[in-house]
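Have a look at the structure below, then the notes.
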Amino acid sequence: MQLEGKTAFVTGSTSGIGLGIATALAKQGCAVALNARKATKETDELAAKLSRETNAKVIYVPADMSVAGEIHAAVAECEKQFGKLDIVVNNAGIQHVEPIHTFPNEMWELVLSTNLTAAFHTTKAALPGMKARKWGRIINIASAHGLVASPFKSAYVAAKHGMVGLTKCTALEIAEEGITCNAICPGYVWTPLVEKQIPDQMKAHSMSKEDVIKKVMLYNQPTKKFATVEEMGGLAVFLSSDLAASITGTAIPVDGGWVAH
Ligand code: NAD
């Protein structure tokens, strides 16, 4: 129970990596706020199930992470319901795969606002409380695509490189205040986000599903295996612990060796 007494807001956490991280934090005794765009019966049930399974307090806070006002209201709601907010995991993200010359302008804006600008707003909203208490953890879920590029993912790669820059800047600004900020850079992890991009990847590369998995997705991942949401959760727990107090401003690849190329 490394995180007993701590509280966390994990954005975009009804599936995939976000849910994996929220689960790992809750298992360590951390109270967790799950998030996606809307509140539904399923989201309430998901929070109740995670609370039952971990014995941690788990709430659900809806907010569209592409809308600044909703983000600030969500952070305020976490602070109200938990009494404080110690850990923010900026995880919500979307993908769009298309060559630049036909890439829709509105998709560029949406990918940038959801994958990058949202992290600026959660950080801005959560920092005053963290600074007042002299303790905080900001964990930005970037990507191997925050360190290297692939074709047809211009908005995503730009946003994730931006996330690594935001991480460094945040870390430097708050280095003396007991608050750390780090980026986790996953390689390919089998989640709904990855599964959903297979049809577009098949079209962009003129390949079968099997070839997209082997020759595009896992081609650069030397382990030839998808990383897991549990591995992301384990790193998020460590970065949230007191033992990680001197780790800040980093971009840590969890990518089966991809960026070692
Ligand atoms: P996912 O599609 O399973 O989860 C994305 C989550 O974000 C969902 O809960 C979704 O509801 C939420 N979300 C999307 N738009 C939102 C919005 N506007 N407001 C609130 N919530 C929103 O995807 P995932 O693969 O688990 O991805 C999570 C993060 O990890 C993303 O930032 C993604 O870029 C990053 N990532 C994923 C991989 C991978 O291979 N899966 C690799 C590197 C980085």
Over the chain, with every protein chain in place, what whole percent of the accessible area is carbon and sulfur at 1.4 Å, could you tell me? 57 percent
Through the Karplus equation 6.51 cos²θ - 1.76 cosθ + 1.60, θ set to phi - 60°, convert the phi angles of region 87-103 into ³J(HN,Hα) values in whole Hz; use x for Gly and Pro. 10, 10, 10, 8, 10, 3, x, 10, 10, 9, 10, 6, x, 4, 5, 10, 4
Charge dipole magnitude, Cβ of K and R +1, D and E -1 - region 169-215, Cα centre, debye nearest 20: 480 debye
Got a sec? What order do V229, V10 fall in by accessible area at 1.4 Å, biggest, i.e. largest, first? V229, V10
The chain: DSSP helices with Cα axial extent of at least 24 Å and average Kyte-Doolittle hydropathy no lower than -0.5: 154-173
Mean ellipticity per residue at 222 nm, deg cm²/dmol - from DSSP H runs of n ≥ 4 across the chain, formula -39500 (n - 2.57): -13500 deg cm²/dmol
Orientation-averaged projected area, Cα convex hull of region 148-223 (nm²): 6.3 nm²
Of the listed links K160/K215; K41/K224; K80/K168; K57/K168; K41/K214, those spanning more than 26 angstrom between alpha carbons are K41/K224; K80/K168; K57/K168; K41/K214
Long-range HN-HN contacts of G136 with modeled amide H, under 5 Å: I179, T180
Among V237, I141, A48, whose Cα lies farthest out toward the positive end of the dipole of the chain, if unit charges sit on the beta carbon of Lys, Arg (+1) and Asp, Glu (-1)? V237
Given +1 on the Cβ of Lys and Arg, -1 on the Cβ of Asp and Glu, and no further charges, what dipole in debye does the chain carry about its Cα centre, rounded to the nearest 20? 220 debye
So for the chain, averaging the separation of alpha carbon pairs under 8 Å that are six or more residues apart and normalising by length, what relative contact order in percent results? 20 percent
Farthest toward the dipole's positive end in region 1-112, which of A68, F103, T14, given Cβ charges of +1 (Lys, Arg) and -1 (Asp, Glu) about the Cα centre? T14
DSSP-assigned coil residues among trypsin sites (Lys or Arg not before Pro) in region 1-92, each with at most 15 further Cβ atoms within 10 Å: K38
Compactness of the chain as Cα Rg over 2.2 N^0.38 Å, two decimals: 0.97
Under a 5 Å amide H to amide H cut-off, with H placed in plane at 1.01 Å, what residues pair with I184 once short-range neighbours are removed? N140, I141, A142, I252
What are the semi-axes of the equivalent ellipsoid of region 1-149, taken as the square roots of 5 times the eigenvalues of the Cα gyration tensor, listed largest first and rounded to whole Å? 27, 17, 15
Low-density loop cleavage sites - trypsin sites (Lys or Arg not before Pro) in region 143-238, where at most 15 other Cβ are within 10 Å (DSSP): K224, K225
What residues have an amide H closer than 5 Å to that of I59, excluding those fewer than 5 places away on the same chain, when H is modeled at 1.01 Å from N in the peptide plane? V32, A33, L34
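The values are calculated or read from the model by the stated rules, or taken from the named source; none is laboratory data. Owing to the predicted nature of the structure, the values given are computational and were not obtained by experimental measurement. Here Cβ is always computed from backbone atoms with ideal geometry, including for glycine, and neighbour counts include all displayed protein chains. Just so you know, the surface numbers come from the protein's heavy atoms only, side chains and all, with ligands and any DNA or RNA stripped out. Shrake-Rupley method; radii C 1.70, N 1.55, O 1.52, S 1.80 Å.
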